[in-house]
Amino acid sequence: MQEVFAEILLNVIGIKDLYEAWENHYYNLLEDYKGNDGEKCKAQKVEWIQKLPRIINMQMNRIMFDKGNAEKTVRV
């Protein structure tokens with residue numbers, strides 16, 4: 001499936017640098033993927049950017065939820 005993106009939301013909580021946050025955003029491990037044979041297995045979903053826009057908007061998510069309350073983390 002091909003999509004046009006406008007922004008990239010990166011989770012930076014517990015991440016050491018922007019490269020690691022970028023990699024975590026585009027590589028996802030799916031635990032209960034149902035294969036062609038109908039069996040559940042682990043799979044890796046990878047997204048690729050084929051054409052970059054002139055401007056990329058990256059937002060760094062530093063919000064954690066604790067008992068339903070949002071908390072902005074100071075350290076990332």
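Points worth noting:
- Formal net charge of residues neighbouring Tyr33 (Cβ-Cβ distance under 9 Å; K, R +1; D, E -1): +2
- Taking a Cβ cut-off of under 14 Å around Met58, the surrounding Lys, Arg, Asp and Glu residues balance to a net charge of -3, with basic ones at +1 and acidic ones at -1.
Laboratory data are not the source of any read-out in this text; all were calculated from the coordinates shown. Since this is a predicted model, take the numbers as computed values, not measurements. Note that each Cβ is placed from the backbone with ideal geometry, even for glycine, and that neighbours are counted across all protein chains shown.
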